[in-house]
Amino acid sequence: MSALNNKVLVVGMDGLRYDRLVALGAPVLTGLMSSGAYGTSKLPYGEAGTPRTESPGEVVPKSPEPGEAGRVIASRTDSGPGWSSIATGVWPDKHGVVDNAFTDPRFLKYPDFLTRAATARPGLATAAFFSWDALAEHGAFGPAIGQRFVLDGYTVGWSEADAQVTAAAVRHLADGDPGAVFVYLGDTDEVAHALGPHCPEYAAALHTQDAQLGRLLDTIRARPSYARESWTVLVTTDHGHVDAGGHGGTSDEERTVFVVLHRLGHDLGGRALDAPRLVDVAPTALAALGVPVDPSWNLDGAPLEI
């Protein structure tokens, strides 16, 4: 398959606890896992003894640069650091986002994977769709991306915003020649903040997002050119939640994240990935597009093998 036909879809579901995903048996994600590859890891950061993050985000003081003698990543287990790490392939001490305030981001030095892909392959159609406008406002997904669809879930309502994001992404995937696409869905995080991850409303939000993922995949499979394309799909989250709802700290429930990896049309047998990290998503997406990682980028992640 020519590199020109290699395509990538990355779907992010905010605040999705892996144990709840397994327990609730979301059918589309479960299917991707059973015929793809997947695994979990723990975020290498979190701030003990601090208040849990409210939905709009709280500010914590800027952490010092890690010393030469040993690397210390001082950050909250918040959405800003998590999605910035997914986008860039580096941890918060490099990209500079340590909470949801985005006080000192370094996205010019560590751009997102869509921007890197567009730079390496100028003809590649890149697109990002999200219901959390901070990701566009602060540059986690930069202006060089070919198409961006941005909503404010706090204003529109998270469930409705996710529905509109999905509809826009479906239209994009159905038409033309999409190359690399990122889709963010946020209602799971909002529900967990309000009610915790064990409530019926959280299960409903997860199943809705699972169905939205299914719409994206069905649209790809229905493309007239699908047989001549190779689609790599990654699904991930930015952090977990404590049982009562909220995050920012150091508990396993907050720090555990997952990555699901699949190549559509192939059966990978539900293979276990060895502790896939958020920073591995960007280099995996780039590798799938035929874009080699330049050592000078100083990424923390590496392509996941499938």
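Condition check for residue 296 on (1) open to solvent by 10 Å² or more (accessible area, probe 1.4 Å); (2) modelled with pLDDT of 95 or more; (3) not in a helix (DSSP H, G or I): one failure, at (3). Among the residues of the range 43-59, those that are touching an Asp or Glu at 6+ places or on another chain (Cβ under 9 Å) and either open to solvent by less than 20 Å² (accessible area, probe 1.4 Å) or modelled with pLDDT of 70 or more (or both) comprise 43, 45, 46, 47, 53. All but one of (1) out of contact with any Gly (no Cβ under 8 Å at 6 or more places or on another chain); (2) touching a residue at least 40 places away in the same chain (Cβ under 8 Å); (3) of a type in the set (Ser, Thr, Tyr); (4) under 23 Å from residue 284 (Cβ atoms) hold for residue 159; state the number of the condition that does not hold. In the conditions (1) out of contact with any Gly (no Cβ under 8 Å at 6 or more places or on another chain); (2) touching a residue at least 40 places away in the same chain (Cβ under 8 Å); (3) of a type in the set (Ser, Thr, Tyr); (4) under 23 Å from residue 284 (Cβ atoms), residue 159 misses (4) alone. For residues that are touching a strand residue (DSSP E or B) at 6+ places or on another chain (Cβ under 9 Å) and open to solvent by less than 10 Å² (accessible area, probe 1.4 Å), scanning just the range 18-31, find the one that is farthest from residue 81 (Cα to Cα). My answer is 29.
Regarding the range 200-219, can at least one residue be identified that is at pLDDT 95 or above and over 26 Å from residue 17 (Cα atoms)? Yes - at least one qualifying residue is present in the range 200-219. State all residues of the range 236-254 that are of a type in the set (D, E, K, R) and closer than 26 Å to residue 9 by Cβ; if no residue qualifies, say none. Within the range 236-254, just 238 meets the criteria. Looking only at residues that are closer than 9 Å to residue 145 by Cα and open to solvent by less than 20 Å² (accessible area, probe 1.4 Å) in the range 118-130, which one is nearest to the chain's Cα centre (by Cα)? Among residues in the range 118-130 that are closer than 9 Å to residue 145 by Cα and open to solvent by less than 20 Å² (accessible area, probe 1.4 Å), the one nearest to the chain's Cα centre (by Cα) is 128. The set of residues from the range 173-191 being touching a helix residue (DSSP H, G or I) at 6+ places or on another chain (Cβ under 6 Å) and aliphatic (A, V, I, L, M) comprises 173, 174, 180, 183, 185, 191.
Determine, yes or no, whether residue 237 is crowded, with 23+ Cβ neighbours inside 10 Å, of a type in the set (Val, Ile, Thr) and under 19 Å from the mean Cα position of the chain (by Cα).
Judged against the criteria, residue 237 is a match.
Within the range 274-292, the residues that satisfy the criterion of being touching a residue at least 12 places away in the same chain (Cβ under 8 Å), assigned to a loop (DSSP other than H, G, I, E, B) and either open to solvent by less than 30 Å² (accessible area, probe 1.4 Å) or over 14 Å from residue 235 (Cα atoms) (or both) are 274, 275, 276, 289, 290, 291. A count restricted to the range 20-42 and to residues that are more than 22 Å from residue 162 (Cβ to Cβ) and touching an Asp or Glu at 6+ places or on another chain (Cβ under 8 Å) stands at 3. For the range 185-225, a tally of residues being without any contact (Cβ under 8 Å) to a residue 12 or more places away in the chain, open to solvent by less than 50 Å² (accessible area, probe 1.4 Å) and part of a helix (DSSP H, G or I) returns 0.
Of the residues in the range 134-172, how many are assigned to a loop (DSSP other than H, G, I, E, B), under 21 Å from residue 118 (Cβ atoms) and not small (Gly, Ala, Ser)? Show your work before the answer.
Residues of the range 134-172 that are assigned to a loop (DSSP other than H, G, I, E, B), as a first pass: 138-146, 151-152, 157.
The next check asks that each one be under 21 Å from residue 118 (Cβ atoms); those that pass are 138-146.
Of the ones still in play, those that are also not small (Gly, Ala, Ser) are 138, 141, 143, 145.
Qualifying residue count for the region: 4.
Being over 21 Å from residue 183 (Cβ atoms), open to solvent by less than 50 Å² (accessible area, probe 1.4 Å), at pLDDT 90 or above and touching a Leu at 6+ places or on another chain (Cβ under 7 Å) is the requirement here; does residue 98 meet it? First the steps, then the outcome.
Values: over 21 Å from residue 183 (Cβ atoms): yes; open to solvent by less than 50 Å² (accessible area, probe 1.4 Å): yes; at pLDDT 90 or above: yes; touching a Leu at 6+ places or on another chain (Cβ under 7 Å): no.
Spelling it out, it is not the case that residue 98 is over 21 Å from residue 183 (Cβ atoms), open to solvent by less than 50 Å² (accessible area, probe 1.4 Å), at pLDDT 90 or above and touching a Leu at 6+ places or on another chain (Cβ under 7 Å).
Residue 240: farther than 15 Å from residue 181 by Cα and touching a helix residue (DSSP H, G or I) at 6+ places or on another chain (Cβ under 7 Å), yes or no? Judged against the criteria, residue 240 is a match.
The values are calculated or read from the model by the stated rules, or taken from the named source; none is laboratory data. Worth saying up front: this structure is predicted, and the values here are computed from it rather than measured. We place every Cβ from the backbone using ideal geometry, glycine too, and count neighbours over all the protein chains shown. Heavy atoms of the whole protein, side chains included, go into the accessibility calculation; ligands, DNA and RNA do not. Shrake-Rupley method; radii C 1.70, N 1.55, O 1.52, S 1.80 Å.
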